[in-house]
Each structure stands twice: as structure tokens, then as C-alpha cells.
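J.: Got a structure for you, written out below as C-alpha cells; questions coming shortly.
The values are calculated or read from the model by the stated rules, or taken from the named source; none is laboratory data. All of these numbers come straight from a predicted model, not from anything done at the bench. Cβ placement follows ideal geometry from the backbone for every residue including glycine, while neighbour counts extend to all protein chains displayed.
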Amino acid sequence: MARLIAHVDLDAFFCEVEALRQPTLRGKAYAVAGRPDQRGVVASASYPARAHGVRSAMPTAQALRLCPGLIVVPPSHGVYGTHSRQVMEVLRGYSSDFEQISVDEAFLDLSGFPEDPHALGLEIQRRIAESCQLPASLGLASCKLVAKMASGEAKPNGVLVVPAGGEAAFLAPMPVGALWGVGAATSARLKALGIETVGALANTDPAMLRGVFGNQASQAVARARGVDLSEVRGGRELKSVSEERTFTKDLADHHALHAVLVALSDEVARRLRDNHVYARTIHLKLRWSDFETITRQVTLSAPTHFGEDIRAAVDALFRVAWAPGRRVRLLGVGASGLSEGVQADLFSGQVNPSREALARTLDALQERYGRDAVGRATLRKRKPPAP
């Protein structure tokens, strides 16, 4: 049976979500970005903004110079995950071999579908539009590498099928730096050797490339020819969950830092509940103003997926690690040692039906109305600093 792999990429995802919330943005040059006076960067740019050269990861100040009329929309934290999960649920309906690789990208193994690949791609695209009101581009090919490259060529809001046997010809004219897995530094080294296109890389003797790729030279040439045997890794076991926040200005205020720990602990707990798992080990990550980074962890007496338990653990770790007045650039909270069940402990109250029901109710309210719709009173009084 011939392989058929689809790569689904949501177009200008953060921008499109904001346009659902603010329809007046449609057709305008806008970007979801941090403030230019606070080391802000662009997370996503609308297509009219991209026409002016605005790109993701660009400093907001530079984006404003390129596009003076640019509308800067602050990120809506917690909202994007809700929309992403809705899209991923649509995709899971097509294949159990499903692999999400980012908030707005996923692979599907559609091998064995009787439909014409292009018609199938259009159907998936239409389902996403109808169910989630979001545009998506799809690439379909015999392997993950070519499918991902095809979805990029299909943007915006297109479907592109690369037929089996046409992989090398499809990739050949592309700049070598466009090949998935070739970064800017590797691209520069290849160009120094006179290798400007993917086709040129595909026709190069691997022995000539060992200085660039080492013992992966033969694999690099094979990938340039569109050969990729990697599987869609559906059902991968979740090993850990983490959330972190980098501050626009280094913080030394205990109350502000505590509010961030509360928010991060709640988000980690929500993700654990979403995945129906419990965590036994809780992690704290701290990056000081001089960029030195430390991590600390503690193992709980019983696994949990409640924010209060996680926050209590990281609070204790934080009190030991942080000296009052020391400036913090980044805070992170993580959970590992995951399991799908927890033994009831009648004395610890670790499994409490009322507590579980309350947590699930809050999850449902936030899922429907956004993360800011309901939350802890402590965070209402003092909002965590923006990342």
C-alpha cells in the first residue's frame, strides 16, 4: 500500500484567532506581537503585513519601521491553545496515526484512504474551516518531509499534492536553506561550497559533505531527493509537561513572581488533566538577569494534577532558590513522573470527587470562554507580568 502523509499547517494562526475575536482586523496589516518598548517580537503577521516584510520572530520595533501603519495586537494567552485543540480534534477524526508538532501544525498518515488525495485534502481543509473558522494549508506526499515542504508551497489556504515518484523534481528548484532541517548556518556552509539549491545538494557526493553533516551526509543527500522513512508517531507517550514565562523586564518583586508561579502551576495542572495523567515530580526553572539558569525538583508523596499541589511544591523550591531582591528573567514550572491513575488515599484527600469536579468545571468554563473568564482571586488582584 502506497504511503500518503498529510501535513496540516494553520495559516497565520495567531493572527487568524485574533481576527475571530476582532473581525475589524481582517484585510489589514496587523501583527500579534509584544510591545516595541519591552523587547517585544512578532509572533505572527497577517498577509498584508507580510507584504511589507514583517515576519515572525522579528523585533516589533523593526516591524513598525517596515510597516509604519502596522496594528500591534498583544497576544491573548490561553486562547490559542483552545483553538488549536479544536483543530486537532478534527484531524484525529481522520487517522489514529496523528502527530502534532506545534500549536498550529500536525502530520496525518492517510495511507489506505480510497479518496483522491487532492479531494481528501480539500475535505479536511473544509472541515477545519466549518468547525473552527480557521484557514489551513495542506501538503500531501509519500513522506513527512515532502508533505511539510508542500504545505509551505500551498500557502495561503491551499492544498498541494506531490505524487509518488515526483518528490525529487518538486524539491530540486528550492533554495537549499528551504529544506526542512537545514538551518541558516548549514545553509551558509553549503552555499560556500557552491550548493545553492536542494537539487544541487541531491546530486552531491556525500563524501564531499562530511565536513558539513558529519556521518549524516548520506542521509542529507537522501532527504534532498525526497527520501524520508520516518513514521507519523501517533500515540506518543507523554513524558512531561512544562510552562515557562520570560519577562519583558527582569523582576525582583516577590508578589509578582509568586503570581507567575500560581499561573504557571495552574496551566501545568490543566494540561495534566487534559491528558488524563498525574505527576509525581514537580520542577522549578529559574533564569537570573545574567542568564544563569538553574533547575530544582521535588518528588511528591502522591501524584497530582491539581494546581494547588503543584504551586505548593514550587513555592517551597522557590523559597530556597531565590534570594530577596535578586532579579529574575524567566520562571518555569514542570511536571514529570506521569501516570494515568492514582491510588485513592482517604486520609490525604489526594483523590477527592468534589475537588476533581470543581477543577473539571473550571477547565470547561475556560475552554468555552477563554483563560481570563474565570481564575484565582489572587491573580485578579495582581495580574502576572506579561511575557
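J.: Among the residues of region 1-23, write down those that are at pLDDT 95 or above and over 16 Å from Gln133 (Cβ atoms).
T.: Hits for region 1-23 are Leu4, Ile5, Ala6, His7, Asp9.
J.: Now a separate question. Given the structure, is Leu209 surrounded by 13 or more Cβ atoms within 10 Å (Cβ to Cβ) and out of contact with any strand residue (DSSP E or B) (no Cβ under 9 Å at 6 or more places or on another chain)?
T.: So Leu209 fits the description; yes.
J.: Hey, another quick one. Can you name the residue in region 63-86 that is modelled with pLDDT of 95 or more and assigned to a helix (DSSP H, G or I) and, of all such residues, is nearest to Glu243 (Cα to Cα)?
T.: Among those that are modelled with pLDDT of 95 or more and assigned to a helix (DSSP H, G or I), it is Ala63.
J.: The conditions are (1) part of a helix (DSSP H, G or I); (2) modelled with pLDDT of 90 or more, and Arg273 fails exactly one of them. Which is it?
T.: (2)
J.: Which one is nearest to Thr246 (Cα to Cα) among residues in region 315-354 that are part of a loop (DSSP other than H, G, I, E, B) and at pLDDT 90 or above?
T.: So the residue we want is Arg327.
J.: Here are some residues: Leu134, Leu138. Which one is within 25 Å of Arg225 (Cα to Cα), crowded, with 21+ Cβ neighbours inside 10 Å, under 21 Å from the mean Cα position of the chain (by Cα) and at pLDDT 95 or above?
T.: From the options Leu134, Leu138, the qualifying one is Leu138.
J.: I need the helices (runs of 4 or more DSSP H) fully contained in region 161-257, keeping only those with at least 2 residues that are among the small types (Gly, Ala, Ser).
T.: Filter on region 161-257 gives 167-171, 184-192, 198-202, 217-224.
J.: Which ones in region 87-102 are in contact with a Gly (Cβ under 7 Å, 6 or more places away or on another chain) and part of a loop (DSSP other than H, G, I, E, B)?
T.: Ser96, Asp97
J.: Restricting the search to region 102-120, which residues are crowded, with 20+ Cβ neighbours inside 10 Å and in contact with an Asp or Glu (Cβ under 9 Å, 6 or more places away or on another chain)?
T.: Asp104, Ala106, Phe107, Leu108, Asp109, Leu110, listed by residue number.
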